[in-house]
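Worksheet: one structure, shown below.
The values are calculated or read from the model by the stated rules, or taken from the named source; none is laboratory data. No experiment lies behind these values; they were computed from the predicted model shown. Methodologically, a virtual Cβ is constructed for each residue, glycine included, from the backbone with ideal geometry; neighbour enumeration extends over all protein chains shown.
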Amino acid sequence: MTAPQAVVLVGGEGTRLRPLTDTRPKPMMPLVDRPFVAHQLDHLRRHGVQDVVFSCGYRPDALREFFGDGEGHGVRLRYVVDPEPLGTAGAVRNARDLIDADRILVFNGDILTDLDLTALVAQHERTGAEGTVALTPVDDPSAYGLVRLHDDRSVQEFLEKPSREDLRPGEPYLINAGTYVLEPAALSRIPAGVKVSIERQTFPLIAAERALYGFPSDAYWRDIGTPDSYLDAHMDVLSAAVGTNSPAGDAYLGPGTQVADGARVGPLASLGPGCVVADGAAVDRSVVGPGGRIGARASLRRAILGEGVVVGEEAVLHDGVVVGDRATVPAGVRLAGPVRVPTGSTAAEPAPAG
(Lines give C-alpha, C1' and ligand atoms only; values in the text may rest on other atoms or scores of the structure.)
Protein backbone atom coordinates (compact mmCIF):
# COMPACT_ATOMS: atom_id res chain seq x y z
CA MET A 1 0.00 0.00 0.00
CA THR A 2 1.50 3.32 -1.08
CA ALA A 3 1.30 6.00 1.59
CA PRO A 4 -0.97 8.85 0.47
CA GLN A 5 -0.25 12.53 0.75
CA ALA A 6 -1.99 14.44 3.50
CA VAL A 7 -3.73 17.81 3.55
CA VAL A 8 -4.17 19.32 7.01
CA LEU A 9 -6.79 22.07 7.27
CA VAL A 10 -5.20 24.70 9.50
CA GLY A 11 -7.08 27.81 8.41
CA GLY A 12 -9.56 28.34 11.26
CA GLU A 13 -9.42 31.38 13.54
CA GLY A 14 -10.16 29.42 16.72
CA THR A 15 -12.71 31.94 17.98
CA ARG A 16 -13.88 29.63 20.78
CA LEU A 17 -10.35 29.66 22.24
CA ARG A 18 -9.99 33.42 22.41
CA PRO A 19 -8.12 35.27 23.84
CA LEU A 20 -5.45 32.55 23.42
CA THR A 21 -5.88 32.62 19.64
CA ASP A 22 -5.59 36.41 19.43
CA THR A 23 -1.85 35.92 18.99
CA ARG A 24 -1.52 32.48 17.35
CA PRO A 25 -3.54 30.22 15.05
CA LYS A 26 -5.33 27.37 16.76
CA PRO A 27 -3.02 24.68 15.29
CA MET A 28 -0.08 26.44 16.98
CA MET A 29 -1.64 26.26 20.43
CA PRO A 30 0.84 24.37 22.62
CA LEU A 31 -0.14 20.87 23.69
CA VAL A 32 2.34 19.80 26.38
CA ASP A 33 5.77 20.05 24.70
CA ARG A 34 4.90 20.99 21.10
CA PRO A 35 2.35 22.88 19.00
CA PHE A 36 -0.90 21.01 18.57
CA VAL A 37 -0.48 20.40 14.84
CA ALA A 38 2.95 18.83 15.48
CA HIS A 39 1.05 15.96 17.11
CA GLN A 40 -0.80 15.47 13.82
CA LEU A 41 2.49 15.38 11.90
CA ASP A 42 3.81 12.80 14.38
CA HIS A 43 0.67 10.73 13.85
CA LEU A 44 0.94 10.87 10.07
CA ARG A 45 4.61 9.96 10.15
CA ARG A 46 3.92 6.92 12.36
CA HIS A 47 1.73 5.62 9.52
CA GLY A 48 4.28 6.29 6.80
CA VAL A 49 2.87 9.60 5.53
CA GLN A 50 5.73 12.00 4.87
CA ASP A 51 4.30 14.41 2.28
CA VAL A 52 2.00 16.99 3.85
CA VAL A 53 0.27 20.18 2.71
CA PHE A 54 -0.93 22.74 5.24
CA SER A 55 -4.02 24.51 3.90
CA CYS A 56 -3.80 27.79 5.80
CA GLY A 57 -5.89 30.87 6.41
CA TYR A 58 -5.49 32.68 9.74
CA ARG A 59 -1.89 33.71 10.62
CA PRO A 60 -0.10 31.34 8.22
CA ASP A 61 3.31 32.90 8.94
CA ALA A 62 3.33 31.38 12.42
CA LEU A 63 3.16 27.90 10.88
CA ARG A 64 5.81 28.65 8.26
CA GLU A 65 8.21 30.12 10.80
CA PHE A 66 7.99 27.12 13.10
CA PHE A 67 7.82 24.19 10.67
CA GLY A 68 9.60 25.55 7.59
CA ASP A 69 9.87 22.89 4.90
CA GLY A 70 9.21 20.13 7.44
CA GLU A 71 12.70 18.62 7.31
CA GLY A 72 13.19 19.04 11.06
CA HIS A 73 9.91 17.22 11.66
CA GLY A 74 10.49 14.26 9.39
CA VAL A 75 8.13 15.30 6.60
CA ARG A 76 8.07 17.23 3.34
CA LEU A 77 5.85 20.19 4.14
CA ARG A 78 4.29 22.72 1.78
CA TYR A 79 1.74 25.47 2.23
CA VAL A 80 -1.26 26.91 0.45
CA VAL A 81 -3.08 29.98 1.78
CA ASP A 82 -6.79 30.67 1.25
CA PRO A 83 -7.13 34.30 0.09
CA GLU A 84 -10.53 34.22 1.80
CA PRO A 85 -12.33 31.50 3.79
CA LEU A 86 -13.68 28.94 1.31
CA GLY A 87 -15.01 26.29 3.69
CA THR A 88 -13.57 22.85 4.32
CA ALA A 89 -13.98 21.65 0.74
CA GLY A 90 -12.57 24.86 -0.69
CA ALA A 91 -9.54 24.53 1.57
CA VAL A 92 -8.90 21.04 0.19
CA ARG A 93 -9.47 22.22 -3.40
CA ASN A 94 -6.90 24.99 -2.94
CA ALA A 95 -4.24 22.36 -2.28
CA ARG A 96 -4.96 20.53 -5.54
CA ASP A 97 -1.95 21.90 -7.42
CA LEU A 98 0.36 20.46 -4.75
CA ILE A 99 -1.21 17.00 -4.84
CA ASP A 100 0.41 14.39 -7.04
CA ALA A 101 -0.55 11.20 -5.19
CA ASP A 102 -3.36 8.86 -6.26
CA ARG A 103 -5.25 9.63 -3.06
CA ILE A 104 -5.02 11.97 -0.10
CA LEU A 105 -5.68 11.92 3.61
CA VAL A 106 -7.46 15.01 4.90
CA PHE A 107 -7.23 16.08 8.54
CA ASN A 108 -9.18 18.77 10.33
CA GLY A 109 -6.51 20.80 12.11
CA ASP A 110 -8.17 20.72 15.53
CA ILE A 111 -8.59 16.97 16.07
CA LEU A 112 -6.39 14.96 18.45
CA THR A 113 -6.60 11.24 17.72
CA ASP A 114 -4.58 8.06 17.53
CA LEU A 115 -6.82 6.60 14.82
CA ASP A 116 -5.32 3.68 12.88
CA LEU A 117 -4.71 5.46 9.59
CA THR A 118 -3.26 2.35 8.00
CA ALA A 119 -6.49 0.44 8.63
CA LEU A 120 -8.53 3.41 7.38
CA VAL A 121 -6.68 3.48 4.05
CA ALA A 122 -6.82 -0.32 3.77
CA GLN A 123 -10.63 -0.30 4.05
CA HIS A 124 -10.78 2.54 1.52
CA GLU A 125 -8.80 0.48 -0.99
CA ARG A 126 -10.78 -2.69 -0.29
CA THR A 127 -14.17 -1.06 -0.92
CA GLY A 128 -13.08 0.94 -3.97
CA ALA A 129 -14.55 4.04 -2.35
CA GLU A 130 -14.31 7.53 -3.76
CA GLY A 131 -14.21 8.83 -0.21
CA THR A 132 -13.99 7.30 3.26
CA VAL A 133 -14.89 9.16 6.45
CA ALA A 134 -13.54 8.17 9.85
CA LEU A 135 -16.38 7.98 12.39
CA THR A 136 -16.31 8.09 16.16
CA PRO A 137 -19.06 7.03 18.59
CA VAL A 138 -20.64 9.54 20.97
CA ASP A 139 -23.27 9.24 23.67
CA ASP A 140 -25.28 12.19 22.35
CA PRO A 141 -25.04 13.21 18.68
CA SER A 142 -27.38 16.20 18.99
CA ALA A 143 -24.49 18.71 18.93
CA TYR A 144 -22.91 17.05 15.91
CA GLY A 145 -24.15 15.30 12.80
CA LEU A 146 -25.24 11.67 12.94
CA VAL A 147 -23.89 9.42 10.19
CA ARG A 148 -25.85 6.27 9.33
CA LEU A 149 -24.30 3.40 7.39
CA HIS A 150 -25.52 0.51 5.27
CA ASP A 151 -24.35 -2.97 6.24
CA ASP A 152 -21.39 -2.69 3.84
CA ARG A 153 -20.34 0.56 5.59
CA SER A 154 -21.38 2.79 2.69
CA VAL A 155 -23.00 5.98 3.98
CA GLN A 156 -26.78 5.84 4.08
CA GLU A 157 -27.50 9.36 5.32
CA PHE A 158 -26.31 12.36 7.30
CA LEU A 159 -28.49 13.94 9.99
CA GLU A 160 -27.30 17.35 11.11
CA LYS A 161 -27.82 17.90 14.86
CA PRO A 162 -30.56 15.28 15.17
CA SER A 163 -33.37 15.65 17.67
CA ARG A 164 -34.32 12.84 20.05
CA GLU A 165 -37.18 11.93 17.70
CA ASP A 166 -34.68 11.37 14.87
CA LEU A 167 -32.76 8.69 16.77
CA ARG A 168 -33.44 4.97 16.52
CA PRO A 169 -33.32 2.80 19.65
CA GLY A 170 -30.14 0.74 19.80
CA GLU A 171 -28.39 2.33 16.83
CA PRO A 172 -24.76 3.45 17.17
CA TYR A 173 -24.39 7.20 17.36
CA LEU A 174 -21.53 7.79 14.92
CA ILE A 175 -20.26 11.25 14.02
CA ASN A 176 -17.75 12.58 11.52
CA ALA A 177 -14.30 12.34 13.15
CA GLY A 178 -12.63 14.87 10.84
CA THR A 179 -10.29 12.48 9.02
CA TYR A 180 -10.93 11.43 5.40
CA VAL A 181 -9.44 9.48 2.52
CA LEU A 182 -10.27 10.96 -0.89
CA GLU A 183 -9.71 9.92 -4.49
CA PRO A 184 -9.04 12.48 -7.26
CA ALA A 185 -12.66 12.07 -8.37
CA ALA A 186 -13.80 13.53 -5.06
CA LEU A 187 -11.59 16.59 -5.54
CA SER A 188 -12.97 17.10 -9.03
CA ARG A 189 -16.44 17.64 -7.53
CA ILE A 190 -15.27 20.78 -5.67
CA PRO A 191 -15.53 24.01 -7.68
CA ALA A 192 -12.57 26.37 -7.54
CA GLY A 193 -12.89 29.72 -5.75
CA VAL A 194 -16.29 28.96 -4.21
CA LYS A 195 -17.08 28.50 -0.51
CA VAL A 196 -18.04 24.84 -0.11
CA SER A 197 -18.48 22.60 2.94
CA ILE A 198 -17.08 19.11 2.40
CA GLU A 199 -19.33 17.76 5.15
CA ARG A 200 -22.61 19.37 4.06
CA GLN A 201 -22.21 19.62 0.29
CA THR A 202 -19.50 17.37 -1.15
CA PHE A 203 -20.01 14.23 0.94
CA PRO A 204 -23.80 13.99 0.35
CA LEU A 205 -23.15 14.06 -3.42
CA ILE A 206 -20.71 11.14 -3.16
CA ALA A 207 -22.99 9.25 -0.76
CA ALA A 208 -25.90 9.57 -3.19
CA GLU A 209 -23.85 7.47 -5.63
CA ARG A 210 -23.06 4.89 -2.93
CA ALA A 211 -19.36 5.80 -3.24
CA LEU A 212 -18.81 7.24 0.24
CA TYR A 213 -17.96 4.86 3.08
CA GLY A 214 -17.64 5.20 6.83
CA PHE A 215 -14.87 3.81 9.01
CA PRO A 216 -16.16 3.46 12.60
CA SER A 217 -13.41 3.46 15.21
CA ASP A 218 -13.21 3.47 19.00
CA ALA A 219 -9.79 5.17 18.85
CA TYR A 220 -9.18 8.17 21.07
CA TRP A 221 -10.75 11.31 19.58
CA ARG A 222 -11.03 14.90 20.81
CA ASP A 223 -11.86 18.24 19.20
CA ILE A 224 -9.62 20.75 21.01
CA GLY A 225 -11.63 23.79 19.93
CA THR A 226 -12.97 24.84 23.36
CA PRO A 227 -11.03 25.75 26.51
CA ASP A 228 -12.38 22.76 28.45
CA SER A 229 -11.54 20.30 25.70
CA TYR A 230 -8.12 21.88 25.11
CA LEU A 231 -7.35 21.55 28.81
CA ASP A 232 -8.58 17.95 28.89
CA ALA A 233 -6.36 17.14 25.90
CA HIS A 234 -3.31 18.06 28.01
CA MET A 235 -4.43 15.75 30.78
CA ASP A 236 -5.09 12.95 28.30
CA VAL A 237 -1.58 13.30 26.84
CA LEU A 238 0.03 13.42 30.29
CA SER A 239 -1.94 10.38 31.47
CA ALA A 240 -1.21 8.50 28.20
CA ALA A 241 -4.92 8.18 27.44
CA VAL A 242 -3.92 8.99 23.85
CA GLY A 243 -0.78 7.75 22.15
CA THR A 244 1.58 10.64 21.32
CA ASN A 245 5.30 11.36 21.15
CA SER A 246 5.06 13.69 24.15
CA PRO A 247 6.21 12.71 27.63
CA ALA A 248 3.58 11.31 29.98
CA GLY A 249 3.61 11.81 33.74
CA ASP A 250 2.11 13.73 36.62
CA ALA A 251 3.31 17.07 35.21
CA TYR A 252 5.30 18.51 32.34
CA LEU A 253 7.89 21.21 33.05
CA GLY A 254 9.29 22.97 30.00
CA PRO A 255 13.01 23.73 29.67
CA GLY A 256 14.24 26.31 32.16
CA THR A 257 11.11 26.19 34.32
CA GLN A 258 11.77 26.71 38.04
CA VAL A 259 9.50 25.41 40.79
CA ALA A 260 10.19 26.42 44.39
CA ASP A 261 10.64 23.63 46.92
CA GLY A 262 7.45 24.60 48.70
CA ALA A 263 5.32 24.80 45.55
CA ARG A 264 3.17 22.02 44.11
CA VAL A 265 2.78 21.38 40.38
CA GLY A 266 0.36 18.61 39.44
CA PRO A 267 -1.49 16.43 39.13
CA LEU A 268 -1.75 16.69 35.34
CA ALA A 269 -0.34 20.19 34.94
CA SER A 270 1.69 21.46 31.98
CA LEU A 271 4.11 24.39 32.21
CA GLY A 272 5.86 25.82 29.17
CA PRO A 273 9.51 26.87 28.97
CA GLY A 274 10.90 29.45 31.36
CA CYS A 275 8.09 29.51 33.91
CA VAL A 276 8.64 30.36 37.58
CA VAL A 277 6.41 28.99 40.36
CA ALA A 278 7.00 30.62 43.74
CA ASP A 279 6.92 29.10 47.21
CA GLY A 280 3.54 27.83 48.39
CA ALA A 281 1.86 28.10 44.98
CA ALA A 282 -0.25 25.23 43.64
CA VAL A 283 -0.83 24.48 39.94
CA ASP A 284 -3.40 21.71 39.55
CA ARG A 285 -4.76 20.39 36.21
CA SER A 286 -3.79 23.64 34.52
CA VAL A 287 -1.77 24.90 31.56
CA VAL A 288 0.75 27.72 31.92
CA GLY A 289 2.28 29.13 28.75
CA PRO A 290 5.96 30.02 28.26
CA GLY A 291 7.41 32.57 30.65
CA GLY A 292 4.55 32.42 33.15
CA ARG A 293 5.13 33.79 36.66
CA ILE A 294 3.06 32.28 39.46
CA GLY A 295 3.34 34.18 42.73
CA ALA A 296 3.72 32.82 46.23
CA ARG A 297 0.69 30.95 47.58
CA ALA A 298 -1.28 31.50 44.35
CA SER A 299 -3.68 28.72 43.37
CA LEU A 300 -4.48 27.52 39.83
CA ARG A 301 -7.02 24.77 39.22
CA ARG A 302 -8.35 24.00 35.73
CA ALA A 303 -6.99 27.30 34.45
CA ILE A 304 -5.30 28.12 31.13
CA LEU A 305 -2.67 30.86 30.94
CA GLY A 306 -1.17 32.16 27.72
CA GLU A 307 2.42 33.28 27.22
CA GLY A 308 4.09 35.64 29.68
CA VAL A 309 1.20 35.81 32.16
CA VAL A 310 1.97 37.13 35.65
CA VAL A 311 -0.12 35.88 38.58
CA GLY A 312 0.36 37.76 41.85
CA GLU A 313 0.76 36.38 45.34
CA GLU A 314 -2.29 34.59 46.78
CA ALA A 315 -4.32 35.07 43.60
CA VAL A 316 -6.83 32.30 42.89
CA LEU A 317 -7.78 31.12 39.36
CA HIS A 318 -10.17 28.18 39.42
CA ASP A 319 -12.50 26.18 37.19
CA GLY A 320 -12.41 27.67 33.71
CA VAL A 321 -10.34 30.84 33.93
CA VAL A 322 -8.58 31.61 30.61
CA VAL A 323 -5.92 34.32 30.60
CA GLY A 324 -4.56 35.85 27.39
CA ASP A 325 -0.88 36.44 26.62
CA ARG A 326 1.01 39.00 28.73
CA ALA A 327 -1.96 39.65 31.01
CA THR A 328 -1.59 40.23 34.74
CA VAL A 329 -3.66 38.87 37.61
CA PRO A 330 -2.85 41.10 40.62
CA ALA A 331 -2.10 39.75 44.08
CA GLY A 332 -5.11 38.52 45.99
CA VAL A 333 -7.53 38.59 43.06
CA ARG A 334 -9.90 35.62 43.04
CA LEU A 335 -11.41 34.44 39.74
CA ALA A 336 -13.70 31.48 39.12
CA GLY A 337 -14.73 30.42 35.64
CA PRO A 338 -15.94 30.77 33.12
CA VAL A 339 -13.83 33.97 33.00
CA ARG A 340 -11.64 35.20 30.14
CA VAL A 341 -8.96 37.79 30.81
CA PRO A 342 -8.09 39.65 27.57
CA THR A 343 -4.63 39.70 26.05
CA GLY A 344 -2.31 42.22 27.72
CA SER A 345 -4.90 43.34 30.28
CA THR A 346 -4.97 43.46 34.08
CA ALA A 347 -7.64 41.27 35.63
CA ALA A 348 -10.08 42.74 38.10
CA GLU A 349 -12.04 40.75 40.63
CA PRO A 350 -15.69 40.48 39.57
CA ALA A 351 -18.10 42.66 41.48
CA PRO A 352 -20.53 40.84 43.83
CA ALA A 353 -23.82 39.85 42.20
CA GLY A 354 -26.81 42.09 42.86
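Conditions tested, residue by residue: (1) more than 18 Å from His150 (Cα to Cα); (2) outside the structural domain of Thr118 (by TED's automatic domain parsing).
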{"residue": "Gly170", "(1), (2)": "no, no"}
{"residue": "Asn176", "(1), (2)": "no, no"}
{"residue": "Thr179", "(1), (2)": "yes, no"}
{"residue": "Leu182", "(1), (2)": "yes, no"}
{"residue": "Ile198", "(1), (2)": "yes, no"}
{"residue": "Gly214", "(1), (2)": "no, no"}
{"residue": "Val242", "(1), (2)": "yes, yes"}
{"residue": "Gln258", "(1), (2)": "yes, yes"}
{"residue": "Gly266", "(1), (2)": "yes, yes"}
| message | I'd like the residue in region 34-73 that is crowded, with 23+ Cβ neighbours inside 10 Å and among the polar types (S, T, N, Q) and, out of all such residues, is modelled with the highest pLDDT. | response | Gln40
| Residue in region 269-277 that is outside the structural domain of Phe36 (by TED's automatic domain parsing), modelled with pLDDT under 95 and either in contact with a helix residue (DSSP H, G or I) (Cβ under 7 Å, 6 or more places away or on another chain) or part of a loop (DSSP other than H, G, I, E, B) (or both) present | no
| request: Please verify whether region 79-97 includes one or more residues that are of a type in the set (A, V, I, L, M, F, W, C), assigned to a strand (DSSP E or B) and either surrounded by 14 or more Cβ atoms within 10 Å (Cβ to Cβ) or not assigned by TED's automatic domain parsing to the domain that holds Lys26 (or both). | output: yes
| field | Matching option when the condition is among the aliphatic types (A, V, I, L, M) and without any contact (Cβ under 8 Å) to a residue 12 or more places away in the chain, among Ala248, Ala260 | value | Ala248
| Hits in region 291-311 (condition: free of Cβ contacts under 8 Å to residues at least 60 places away in the same chain, farther than 12 Å from Arg334 by Cβ, of a type outside the set (Val, Ile, Thr) and in a loop (DSSP other than H, G, I, E, B)) | Gly291, Gly292, Gly295, Ala296, Arg297, Gly308
| request: Would you confirm whether any residue within region 133-143 is surrounded by 13 or more Cβ atoms within 10 Å (Cβ to Cβ) and on the phi > 0 side of the Ramachandran plot? | output: no
| request: Scan (1) modelled with pLDDT of 90 or more; (2) assigned to a helix (DSSP H, G or I) for the single condition Gln201 breaks and write down its number. | output: (1)
| task | Kindly state which strands (runs of 3 or more DSSP E) lie completely within region 106-185 and contain at least 1 residues that are without any contact (Cβ under 8 Å) to a residue 60 or more places away in the chain and more than 26 Å from the chain's Cα centre (by Cα). | result | 155-160
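Every residue, every condition in (1) assigned to a loop (DSSP other than H, G, I, E, B); (2) touching a residue at least 60 places away in the same chain (Cβ under 8 Å), yes or no:
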| residue | (1), (2) |
| --- | --- |
| Val283 | no, no |
| Glu313 | yes, no |
| Leu317 | no, no |
| Val322 | no, yes |
| Gly332 | yes, no |
| Gly344 | yes, no |
| query | Which ones in region 204-248 are in a helix (DSSP H, G or I) and hydroxyl-bearing (Ser, Thr, Tyr)? | reply | Ser229, Tyr230
| said: For region 11-39, which positions are touching a Phe, Trp or Tyr at 6+ places or on another chain (Cβ under 6 Å) and part of a helix (DSSP H, G or I)? | reply: Pro27
| request: Identify, from the list Gln40, Gln50, the residue that is closer than 25 Å to Pro216 by Cβ, in contact with a Gly (Cβ under 9 Å, 6 or more places away or on another chain) and of a type in the set (S, T, N, Q). | output: Gln40
| Only one residue in Asp97, Asp51, Asp140, Asp61 is charged (D, E, K, R) and within 23 Å of Val32 (Cα to Cα), so which one is that? | Asp61
| message | Quick check on region 196-204. Is at least one of its residues touching a Lys or Arg at 6+ places or on another chain (Cβ under 7 Å) and either touching a residue at least 60 places away in the same chain (Cβ under 8 Å) or surrounded by 19 or more Cβ atoms within 10 Å (Cβ to Cβ) (or both)? | response | yes
| task | Kindly indicate whether any position in region 219-235 is without any contact (Cβ under 8 Å) to a residue 12 or more places away in the chain, surrounded by fewer than 20 Cβ atoms within 10 Å (Cβ to Cβ) and among the charged types (D, E, K, R). | result | yes
| note | Selection from region 1-33 of residues farther than 15 Å from Ile111 by Cα and surrounded by fewer than 20 Cβ atoms within 10 Å (Cβ to Cβ) yields Met1, Thr2, Ala3, Thr15, Arg18, Pro19, Asp22, Thr23, Asp33
